Structure formats: structure tokens, C-alpha cells
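Report on the following structure.
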Amino acid sequence: MAGRAQPSGPAGSGGGAPGLLPLLLLLLSAAAIIPRGDGQNLVTEDVTVVEGDVATISCRVKNSDDSVIQLLNPNRQTIYFRDFRPLKDSRFQLVNFSNSELRVSLTNVSISDEGRYFCQLYTDPPQEIYTTITVLVPPRNLVIDIEKETAVEGEEIELNCTAMASRPATTIRWFKGNKELTGKSEVERWSDMYTVTSQLLLKVGREDDGVPVICLVDHPAVKDLQTQRYLEVMYKPQVRVSQNYPLQGLTREGEPLELTCTAFGKPQPTDMRWLRVDDEMPQHVVVSGSNLLISNLNKTDNGTYRCEASNAVGKSHADYMLFVYDPPTTIPPPTTTTTTTTTIPTTITGASVPPTAPTEALPTVQFSNASLAFRPDSRAGEEGAIRSVDHAVVGGVVAVVVFAMLCLLIILGRYFARHKGTYFTHEAKGADDAADADTAIINAEGGQNNSEEKKEYFI
């Protein structure tokens, strides 16, 4: 921000070299005699600098007419008169000098350099304007103190972060991982410096173990200044029981069962044991470390089996409820055999006709249902499977009956097709009393005529 312009008489002898004082007075007198400065304006800006850096002060003139420009320090000692430096402080260096600007740099800035610096222009009337140098001091130390190096889950611990000797006072922010937390800050002022302490109360759990707690500083003199501490939290074991065998399906009589117990904690659990809730452990159960094995399940094994693990913090457990189901049911495959043989004789009375050949016996047809063996996943599924097997058996029997009926219809059809028509027998009258066939033929009506017709003559 630009300083306020103030009319001022000749100044600049304070702090100047004694031998140059007559020359300065002469120049000032000459500048006061000659009227100048119509339409001229002094311009400058405030300067903010970090301690130890370089500050640059610029005195500029608009519509310059070659009037004299000089720069004074907060004690109103002349730093530069035009391009001459009366003040014996080598930290001030001339950067640029012209009729319209006087620019001076100040290296290695300290708190003592903070204040107002005056730009003067010797016109009629003289002009003066000031610029303010503000020195920023970053925190020299940033430290986190933890009440307990190792905490137990569920405890509330106190953390303190201190930023020392800063200017202006700093702002402290807390983070746990990526989550921002709220602390309580106190500010102490020592001379021109500020020390800020922020307190954070944090209730820790097992999920906080190994998580960083970050103290971050917001200050115009620094960026990304932070420090962090990693939480160390002790917690009870976390227990889990897993079934190794059978991998899937139900636990049935006669089958084996294998369980494994795993436990994680801090410190790592060293004591693990198996027990049966509300009952004694069966004698045939084998426990080996974290494993439990039952080689041959039966209904007496039903119950709740517990795995317990403990460490220095406490004890935890996990339960496994065992229910032994009946062994799988297998229905034997039914077999149905049907054999059909049909013989149809044919007889013609009064004639020598060869008997009709018997109809070939139909082939034997056998139907058998495939073996139905199943292993349902539950009792309800087992009952449904039995009902489905009954339906399959009934369907097979019905199919066999239908097939037999179809075969019978085909045989009857063939029989009636081969014996279709009417048969007439022309038996000769009186042939019933004949002693043999030849006599019957001779005695029949017209038999003699026929015999005569069939006579053979031998010459």
C-alpha cells in the first residue's frame, strides 16, 4: 500500500557524512529558490519480505522535471541522495537511478529494518511519501509431543504441536491421515515474536495403529511446513474361525471336519486354545495348535466350538456352531422287464393245407431307470429329491405299459391284415362215410366224371 505524501522542508542531513553537509545545504537552498514540481507526483509501494531475504524500495516520479530525489530510513537518515549514498551501510545498494526513479535494495533483512522509509522530491513546495517494510519471520521449530508413545485402543491421548518464534503468529492445523481434526491453540508473545501451541485430544482405536498424525503450519513466510508422528496403538486379538473341510456343503455323519483359528493383535497373540461351549470336548476330537479335526462326525458332536486368543491387552474369541446332518440318501434303480410272444395257427377243414407259420415272437423289451443318487444341501432339498425320484419311477412304469399296448395293437393289425376275406369249403356229399380220401373223392358228386376225365390210356 502506498504511503501518504507529506509536504516537508529540506531534510537529509541527519546521518549524512559531516564533510558533505555544506554541499547538501547548498543544493537544498538552490532547490528551494527555483520553483519546481508543477504536476509532479511521487509514487511508491509497501514492501513485505521474509527475514534474511532482499527488500527493494522504489521511489518513482510522474512527470519528472529533473528534481532531486532522495531516500531516508525510519530514523530519517539519508540513505541515498540522487545516486550518492551518505549512509555507511553496505547492505543498501543502488539498483537504478534516473530522473524519474530511485530504486534501492536492502539485503539480509532483519526485524530491526522494519518501519517506514521516506521518498522526498525537492520541488516547490517539496513532496514526501513513505513506504513501509514488513518483515516476516517463519517458525524456527515445529515439534509434536505425544503424551504416550504407545497407547491402548479406547484410550484418549493428548498431542501438542508447538511453532516457536514466528512473526506474525502462525496458524496450526491437525490431520490424521487425510482427515482434518480440530485442536485448541494458545498464543504467547515474546517481544516482537509469537509462539503458538496447539493441543489435540484424540481417542484411538486399532484402526489408528501406524496412521500418521500431521501438524501443519499456515504462515505467509513458509509453504508446506509440517511435521508428523506415527501412532502406535495396542489392541486385543481379532479372532476368526474358518472351515477347511468340507470346503462346501453340509457337515454329515461319517464325514471329517477340519477348522482353523487365526488371530491378529498387537502384540501378536501367543496363547490360543479350543474349547466346547457348555460341554466337554469329545475325546475323538484332535486339537493341534490352531487346528481342530474331527475325523468321523456323529450327532453327539453337535454344539458350539470356541477359539480363544489372548495377548497383553486382553482376550477375544470366535465361535463355530456345528450341526451334523444325516448321511446322503441313495435310491436303488428300479428295473422293469416285459416279454410278449404271440403264435396264431391257421386251419382249413376238408383240404390238405399246410398250417400257417407261427408269428415270430416279439423281441424282449427291457426298461431300467438309471441309478439315482443325490446329495442335497439341506433336509428340505433331500425331501424334494425323493419326491422327484418317485415321479420318475411312476413315469417309467407308465411308459412301459404304453409301449406294450402299442406293440399289441401292431400285432393285431398285422394278423387281421393277413387273414382278411371269407373261406368256402366244397365238401362232397357222402364223403363223410368214406374210409379214406380216395374213396371220398370217388363218392363225391361228379366224382366219376372227374375220374373219367382223368383216365389214362396205355397202348
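The values are calculated or read from the model by the stated rules, or taken from the named source; none is laboratory data. Remember, it's a predicted structure, so these values are computed and weren't measured experimentally. Cβ atoms come from the backbone with ideal geometry, glycine included; neighbour counts cover every protein chain shown. To get the accessible areas, we keep the full protein, side chains included, count just its heavy atoms, and leave off ligands, DNA and RNA. Shrake-Rupley method; radii C 1.70, N 1.55, O 1.52, S 1.80 Å.
When the range 89-110 is limited to residues that are free of Cβ contacts under 8 Å to residues at least 24 places away in the same chain and assigned to a loop (DSSP other than H, G, I, E, B), the one that is nearest to residue 61 (Cα to Cα) turns out to be 98. For residue 268, the conditions (1) of a type outside the set (Gly, Ala, Ser); (2) out of contact with any strand residue (DSSP E or B) (no Cβ under 8 Å at 6 or more places or on another chain); (3) closer than 27 Å to residue 175 by Cα; (4) surrounded by fewer than 16 Cβ atoms within 10 Å (Cβ to Cβ) all hold with the exception of (3). Candidates are the residues of the range 234-265 that are closer than 18 Å to residue 309 by Cβ and in contact with a helix residue (DSSP H, G or I) (Cβ under 9 Å, 6 or more places away or on another chain); the one that is least open to solvent (accessible area, probe 1.4 Å) is 265. If you go through the range 154-166 and keep only what is open to solvent by 50 Å² or more (accessible area, probe 1.4 Å) and either under 13 Å from residue 219 (Cβ atoms) or outside any strand (DSSP E or B) (or both), you end up with 155, 164. Which condition does residue 211 not pass, out of (1) modelled with pLDDT under 95; (2) open to solvent by 30 Å² or more (accessible area, probe 1.4 Å); (3) not hydroxyl-bearing (Ser, Thr, Tyr), if it passes all the others? Of (1) modelled with pLDDT under 95; (2) open to solvent by 30 Å² or more (accessible area, probe 1.4 Å); (3) not hydroxyl-bearing (Ser, Thr, Tyr), only one is false for residue 211: (1).
Considering the range 246-267, and only residues there that are modelled with pLDDT under 95 and of a type in the set (S, T, N, Q), the residue that is nearest to residue 233 (Cα to Cα) turns out to be 248.
Residue-wise test of (1) modelled with pLDDT of 95 or more; (2) over 27 Å from residue 166 (Cα atoms); (3) more than 57 Å from the chain's Cα centre (by Cα); (4) among the hydroxyl-bearing types (Ser, Thr, Tyr).
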position: 55; (1), (2), (3), (4): yes, no, no, no
position: 60; (1), (2), (3), (4): no, yes, yes, no
position: 71; (1), (2), (3), (4): yes, yes, yes, no
position: 92; (1), (2), (3), (4): yes, no, yes, no
position: 95; (1), (2), (3), (4): yes, yes, yes, no
position: 119; (1), (2), (3), (4): yes, yes, yes, no
position: 124; (1), (2), (3), (4): no, yes, yes, no
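Checking the structure you have, find out if any residue of the range 279-291 is in a strand (DSSP E or B), on the phi < 0 side of the Ramachandran plot, open to solvent by less than 50 Å² (accessible area, probe 1.4 Å) and touching a residue at least 12 places away in the same chain (Cβ under 8 Å). No.
Per-residue answers, yes or no, for (1) of a type outside the set (Gly, Ala, Ser); (2) under 30 Å from residue 203 (Cα atoms):
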| site | (1), (2) |
| --- | --- |
| 94 | yes, no |
| 101 | yes, no |
| 107 | yes, no |
| 110 | no, no |
| 114 | yes, no |
| 143 | yes, yes |
| 150 | yes, yes |
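Touching a Phe, Trp or Tyr at 6+ places or on another chain (Cβ under 7 Å), within 19 Å of residue 223 (Cα to Cα) and surrounded by fewer than 20 Cβ atoms within 10 Å (Cβ to Cβ): is that true of residue 169 in this structure? Taking the combined requirement at face value, the residue satisfies it.
Is it true that residue 180 is part of a helix (DSSP H, G or I), open to solvent by 50 Å² or more (accessible area, probe 1.4 Å) and either over 30 Å from residue 271 (Cα atoms) or without any contact (Cβ under 8 Å) to a residue 60 or more places away in the chain (or both)? No: the conditions fail for residue 180. Tell me, please, whether a residue that is in a strand (DSSP E or B), of a type outside the set (A, V, I, L, M, F, W, C) and under 26 Å from residue 110 (Cα atoms) can be found in the range 196-203. Among the residues of the range 196-203, at least one is in a strand (DSSP E or B), of a type outside the set (A, V, I, L, M, F, W, C) and under 26 Å from residue 110 (Cα atoms), which makes the answer yes. For the range 225-242, does any single residue satisfy the condition of being touching a Leu at 6+ places or on another chain (Cβ under 8 Å), touching a residue at least 60 places away in the same chain (Cβ under 8 Å), hydrophobic (A, V, I, L, M, F, W, C) and assigned to a strand (DSSP E or B)? For the range 225-242, residues touching a Leu at 6+ places or on another chain (Cβ under 8 Å), touching a residue at least 60 places away in the same chain (Cβ under 8 Å), hydrophobic (A, V, I, L, M, F, W, C) and assigned to a strand (DSSP E or B): present. Condition first: of a type outside the set (S, T, N, Q), more than 36 Å from the chain's Cα centre (by Cα) and modelled with pLDDT of 95 or more. Can you find one or more residues in the range 152-163 that meet it? Yes, the range 152-163 contains a residue that is of a type outside the set (S, T, N, Q), more than 36 Å from the chain's Cα centre (by Cα) and modelled with pLDDT of 95 or more.
Pairs please, first residue from the range 317-333 and of a type in the set (Ser, Thr, Tyr) and at pLDDT below 95, second anywhere and open to solvent by less than 60 Å² (accessible area, probe 1.4 Å) and not in a strand (DSSP E or B), Cβ atoms under 6 Å, 6+ apart in sequence or on different chains. Within 6 Å, the pairs are 325/250.
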